[in-house]
Each structure stands twice: as structure tokens, then as C-alpha cells.
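Enquirer: Below are the C-alpha cells for one structure; questions will follow.
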Amino acid sequence: MLLIVVSSFVILILEVLGFVVLKSNFDITHILFFHAFLTLILFFIQYKKSKFIGFSFLIILFVPIIGIAIYTIITSIILISERNSALDDYEKYISDFELILKKKPSTFIKEANTLGLIDTLIREDAKNKKKTITDLIANDVDIKIDALKLGLLDTDQEVVHYSSTLLSTIEREFEESLSNSINKYKESSDKSLLLEVINNYSKYLNSGLLEGELKVIHQKEYIDFLEKHFEIFQTKDTLLKIIRTYINLKKFKRSLEYYKILLSEFEEDKLTYFVGMELYYKTKDYDSVYNMANIIRKKKYFLTDEENKRLKYWS
């Protein structure tokens with residue numbers, strides 16, 4: 001769309017200049033031939049980009065200068081609208097970046113359990129809400145923290161107490177598991193235990209329990225262990241986590257330093273360029289985002305529908 005807007009603007013200028021020059025030296029036939037030639041150029045530019053030719057070209061063809069001016073204005077408005085919409089979609093995508101990298105297919109039962117929990121905590125009476133929360137403790141099912149937080153907002157104080165108790169229990173288990181893995185690592189010469197520490201931090205940070213300054217503190221501790229692990233094992237997965245965590249902490253300079261390592265070590269991996277798109281987007285370096293998207297297209301990677309959607313805006 002950007003190419004179409006720029007092209008129509010350039011052709012509008014040529015049309016005006018051509019009209020001024022040809023009017024003083026040639027007759028109306030030459031002016032019309034020149035206008036038809038410019039219209040044909042714009043026709044092929046849009047056809048190549050979108051394969052769609054609308055009624056707008058009849059206006060351009062039969063109304064010299066003014067037709068192209070109107071077309072330029074309309075396409076500019078559409079471009080701005082698409083840009084805002086695409087930026088919203090892209091923001092949503094990158095906010096879930098780590099989940100996209102790590103997410104495993106959910107079973108129908110897990111999804112049903114989560115939906116059932118939310119529905120119960122919103123719709124049912126206090127007795128059923130308390131029973132649902134008690135069953136969660138007893139059955140140790142896969143728990144959605146955000147859904148349990150709904151219980152904290154309930155009007156029934158017992159439901160609030162039950163929800164608070166369960167959330168505190170889960171938080172304590174995370175803390176104990178994390179502390180145990182850190183102590184085990186410190187007491188041992190086995191560096192591979194670092195991975196257990198990192199996994200426990202990752203689960204805790206992604207659980208939804210941590211917020212505000214407490215979450216920032218854990219992220220800083222997490223990244224210390226990530227850097228130790230990368231120094232020893234040099235794995236791509238750890239490198240990606242370091243970049244992502246520095247982005248979350250808004251330490252973009254450090255994130256860029258590690259991204260340069262990712263780019264040099266994993267140049268042929270398409271994920272490297274998608275990570276680059278996310279990082280440069282966060283730093284508002286849209287030219288670099290566009291360059292990353294161009295590299296992905298030129299390398300002709302196999303792309304999923306989701307990845308194609310990410311690239312669509314930057315074409």
C-alpha cells in the first residue's frame with residue numbers, strides 16, 4: 001500500500017507538470033495520451049501489489065489531475081488506517097512472544113477445566129464456588145491463576161478467603177521449589193543444575209502470581225542465572241530468554257548486545273529475524289523492523305499463517 005501511495009503521489013506531480021508543459025506546446029490529444037500513459041503505469045503498480053482493480057481507475061482515467069489527486073488522498077487514508085490496525089495486532093503478538101515460543105498444544109480437557117473454573121467463579125453461588133476451589137486443592141488440577149484471582153473480587157468473604165488461601169499455597173510452592181533448586185545448584189559442582197533453576201524461575205515469572213517491583217526483582221535474579229548458563233553452554237534457547245527478559249526490563253541496550261550474538265551465531269534461523277523484528281519494534285526503530293521483514297522474505301523460509309500475518313504489515 002505504501003508503494004501505491006508514493007507512486008500515485010509521484011504520478012500526480014508528473015501529471016501536473018506534464019499538463020503545464022504540453023498545454024503550451026501541444027494540443028489536447030497529446031495531453032490525453034500522456035494522461036493515459038501515467039494512468040496505465042499506476043494501474044500496473046496496483047495490480048502487481050494487490051491483484052485488485054477498483055472503480056477508482058475509471059475516475060482517474062476520465063478525470064485528469066483531480067482523479068489522481070482524489071485517489072492519492074483515499075489511498076493515503078487507507079494506509080494510515082491499516083497501519084494503526086496492524087500496529088495494534090503486532091503489539092498483541094509481541095506481548096505474547098514468549099508464550100508463542102514455548103506454548104505446547106493444550107488438550108481439550110485442560111481447556112475445558114479452565115473454562116469451567118472461570119464460569120463457576122463468575123456465575124455460580126458461593127457454595128459451588130467454594131467447592132470448586134476445594135476440589136482444585138484436592139485434585140491438583142492445572143490451575144489458571146488469573147481465573148483464581150476472580151475469587152478475590154467475590155462479594156462472599158469465604159470465597160475470597162478460599163481463593164486467597166489457594167493462591168498463597170501455590171505461591172509458597174513456587175518459592176520453595178525455586179529456593180531448593182538454587183541451593184542444590186550452589187552446593188553442587190554440577191553446572192547442568194542451572195537449567196533447573198532457570199526453568200523454575202521461568203514457570204514462576206509466567207504464572208501470573210508476580211506483579212510490580214517483586215516481579216522486577218525476580219526478573220533480575222533470573223537473568224543473572226541465564227547469563228551464567230549462556231556463558232557455559234552457549235545455547236540458543238537461553239540466548240532468546242536473555243533477550244526477552246532484557247526487553248521486559250526495558251534494558252534495550254543490553255538486549256541489542258545479546259541480539260548481535262544471536263544474529264552472528266544463528267544467522268540462518270528465521271526465528272533470529274522475528275526476534276529482531278520484536279526488539280526493533282520495541283525500540284521504535286521501524287526501519288530496522290522493515291529490514292528484518294525483507295530479509296525473511298528474501299531468504300524464502302517456509303512460514304506459517306501466523307508468521308505471514310506478522311510480515312504482512314511490513315510489505
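The values are calculated or read from the model by the stated rules, or taken from the named source; none is laboratory data. Here the structure is a predicted model, which means the values were calculated and not measured. Neighbour counts are summed over all protein chains in view; Cβ atoms, including those assigned to glycine, are modelled from backbone coordinates with ideal geometry.
Enquirer: Pull out all pairs, ordered by first then second residue, where Cβ-Cβ is under 6 Å, the residues are six or more apart or on different chains, the first lies in segment 259-284 and is surrounded by fewer than 20 Cβ atoms within 10 Å (Cβ to Cβ), and the second is at pLDDT below 95 and not in a helix (DSSP H, G or I).
Expert: That search, which allows pairs on different chains as well, returns Lys270/Tyr301.
Enquirer: Check whether at least one residue in segment 228-241 is under 24 Å from Glu196 (Cα atoms), in contact (Cβ under 8 Å) with a residue 12 or more places away in the chain, within 18 Å of the chain's Cα centre (by Cα) and surrounded by 15 or more Cβ atoms within 10 Å (Cβ to Cβ), and report yes or no.
Expert: Yes, there is a match, as at least one residue in segment 228-241 is under 24 Å from Glu196 (Cα atoms), in contact (Cβ under 8 Å) with a residue 12 or more places away in the chain, within 18 Å of the chain's Cα centre (by Cα) and surrounded by 15 or more Cβ atoms within 10 Å (Cβ to Cβ).
Quick grid of which residues meet (1) surrounded by 19 or more Cβ atoms within 10 Å (Cβ to Cβ); (2) closer than 25 Å to Phe230 by Cα:
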| site | (1), (2) |
| --- | --- |
| Asp146 | no, no |
| Asp154 | no, no |
| Ser164 | no, no |
| Ile182 | no, yes |
| Leu195 | no, yes |
| Asn200 | yes, yes |
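Enquirer: Considering only segment 151-183, how many residues are at pLDDT 95 or above and farther than 25 Å from Val216 by Cβ?
Expert: Number of matching residues: 0.
Enquirer: If Ser189 satisfies all but one of (1) in a helix (DSSP H, G or I); (2) surrounded by fewer than 13 Cβ atoms within 10 Å (Cβ to Cβ), what's the number of the condition it fails?
Expert: (1)
Enquirer: A further question on this structure: One residue is enough: does segment 292-301 have a residue meeting the conditions under 15 Å from the mean Cα position of the chain (by Cα) and surrounded by 15 or more Cβ atoms within 10 Å (Cβ to Cβ)? Even if it seems obvious, please write down each step before you answer.
Expert: Here is the first cut: in segment 292-301, the ones under 15 Å from the mean Cα position of the chain (by Cα) are 292-293.
Filter again for surrounded by 15 or more Cβ atoms within 10 Å (Cβ to Cβ), leaving 292-293.
Yes, because at least one residue in segment 292-301 is under 15 Å from the mean Cα position of the chain (by Cα) and surrounded by 15 or more Cβ atoms within 10 Å (Cβ to Cβ).
Enquirer: List the number of the failed condition for Phe174; all other conditions in (1) farther than 21 Å from Leu205 by Cβ; (2) touching a residue at least 24 places away in the same chain (Cβ under 8 Å) hold.
Expert: Failing condition for Phe174: (1).
Enquirer: Right, another one. Looking only at segment 263-299, count how many residues are farther than 28 Å from Gln234 by Cβ and basic (Lys, Arg). Before the answer, list the steps.
Expert: We begin by selecting, within segment 263-299, every residue farther than 28 Å from Gln234 by Cβ; these are 284, 286-287, 290, 294, 297.
Next, only the ones that are basic (Lys, Arg) stay: 284, 297.
The qualifying residues number 2.
Enquirer: Right, something else. Name, by its number, the condition in (1) at pLDDT 65 or above; (2) charged (D, E, K, R); (3) surrounded by 13 or more Cβ atoms within 10 Å (Cβ to Cβ) that does not hold for Lys130.
Expert: Looking at each condition in turn, Lys130 falls short on (1).
Enquirer: Could you list, in sequence order, the residues of segment 270-286 that are among the charged types (D, E, K, R) and either touching a Phe, Trp or Tyr at 6+ places or on another chain (Cβ under 8 Å) or modelled with pLDDT of 95 or more (or both)?
Expert: Matches in segment 270-286: Lys270, Glu278, Lys282.
Enquirer: Sticking with this structure for a sec: With a cut-off of at least 3 residues that are aliphatic (A, V, I, L, M), name the helices (runs of 4 or more DSSP H) lying wholly within segment 217-315. Before the answer, list the steps.
Expert: Details: elements: 236-248, 252-265, 270-282, 286-299, 305-312.
The helices (runs of 4 or more DSSP H) meeting that bar are 236-248, 252-265, 270-282, 286-299.
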